[in-house]
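S.K.: My questions all concern the structure below.
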Amino acid sequence: MVADACGRAVRRSLPALAATAAIATIGTGVWLGYRFITTSQRFAIVEIQIDGEHHLTEEQIRTALPVKVGDNVFATNLDSLANALRATPWIASASAHRVLPDKLVVEIAEHAPAAVVELGELYLVDRSGHPFKRAQLDHGDGDDLPVITGISRASYEADPAGTAQTITMALAALSAWTADPSRPAIGELYVDAHRALTLRTYDHATAIQLGPLASLPQLAARMATFDAVWADLSDAERERASALHLDARTDQVTVALHEPKKD
């Protein structure tokens with residue numbers, strides 16, 4: 001009777017034992033397969049293709065990569081790779097994918113600088129108004145970019161989103177200004193504590209006080225008033241102009257002139 005009971009118990013356990021053995025076999029196979037593809041020289045990276053660089057060089061990007069030629073393409077964590085690249089100030093977004101058996105393709109999108117902003121130190125900002133790196137003027141970071149001044153670092157730290165909005169509004173005003181190529185080039189945008197905008201010309205640092213940033217249509221009307229007055233000034237008067245005050249009314253301007261130079 002004991003032998004018969006043991007026999008029945010063994011027969012009942014056979015399916016479970018078979019399933020366990022099958023699972024163990026599959027698990028071992030999966031582990032061996034994973035070990036093979038993550039260590040085999042067949043999947044060693046022989047090429048890392050980089051697309052989207054502009055300000056950065058390929059060498060700078062490769063230096064920031066946590067992977068190199070010779071590493072296993074499957075052992076490379078693509079999310080970690082993208083995160084490492086996004087830590088580079090110039091890079092706004094990054095992604096990567098494998099091209100089997102031995103190639104890695106890295107795609108990046110760089111920030112597009114729109115201006116240099118003075119926040120205690122000079123920073124590059126993009127169209128969203130957010131600073132993304134310190135400006136290295138000796139490396140050409142600020143070439144051909146306007147400078148935004150008047151915003152304190154304390155204001156930025158207290159309200160980054162509000163500061164970004166102020167910067168984007170100033171850039172929108174500058175875009176409206178540059179829509180007419182006959183207007184003088186602007187080198188500086190000064191934004192005071194009340195968010196009133198003053199443009200300074202690139203050539204003679206003439207101050208063009210446009211008033212509050214809150215309404216772009218009003219700023220556009222003041223710019224049209226500037227155009228009418230600027231057209232009536234002679235070349236000599238334009239060089240002597242130290243400031244044009246358009247912030248009182250949209251249809252009125254006061255022109256301040258330097259004393260003429262004496263021979």
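The values are calculated or read from the model by the stated rules, or taken from the named source; none is laboratory data. Remember, predicted model here, so these are calculated numbers, not experimental data. All Cβ positions, glycine included, derive from the backbone under ideal geometry; neighbour counts span all protein chains shown.
S.K.: Does Leu199 satisfy being under 19 Å from Arg222 (Cα atoms), outside any loop (DSSP other than H, G, I, E, B), in contact with a helix residue (DSSP H, G or I) (Cβ under 9 Å, 6 or more places away or on another chain) and assigned by TED's automatic domain parsing to the domain that holds Glu121?
M.R.: Numbers: under 19 Å from Arg222 (Cα atoms): yes; outside any loop (DSSP other than H, G, I, E, B): yes; in contact with a helix residue (DSSP H, G or I) (Cβ under 9 Å, 6 or more places away or on another chain): yes; assigned by TED's automatic domain parsing to the domain that holds Glu121: yes.
Yes.
S.K.: Continuing with this model, one more query. Pick from Thr163, Thr198: which is over 17 Å from Gly120 (Cα atoms), in contact with a Phe, Trp or Tyr (Cβ under 6 Å, 6 or more places away or on another chain) and crowded, with 20+ Cβ neighbours inside 10 Å? Talk me through it step by step, then tell me what you get.
M.R.: On the way: Thr163 fails: over 17 Å from Gly120 (Cα atoms).
Unique residue meeting the criteria: Thr198.
S.K.: Return the residues of segment 221-242 that are out of contact with any Ser or Thr (no Cβ under 7 Å at 6 or more places or on another chain) and of a type in the set (A, V, I, L, M); say none if nothing qualifies. Even if it seems obvious, please write down each step before you answer.
M.R.: Of all residues in segment 221-242, those out of contact with any Ser or Thr (no Cβ under 7 Å at 6 or more places or on another chain) come to 223-224, 226-240.
Scanning segment 221-242 gives Met223, Ala224, Ala228, Val229, Ala231, Leu233, Ala236.
S.K.: So in segment 75-91, with the set limited to residues that are buried (at least 17 other Cβ atoms within 10 Å of the Cβ) and among the hydrophobic types (A, V, I, L, M, F, W, C), which one is farthest from His130 (Cα to Cα)?
M.R.: Of everything passing the filter in segment 75-91, Leu81 is farthest from His130 (Cα to Cα).
S.K.: Let me ask something else. Given the condition surrounded by 19 or more Cβ atoms within 10 Å (Cβ to Cβ) and assigned to a helix (DSSP H, G or I), answer yes or no: does some residue in segment 142-158 qualify?
M.R.: yes
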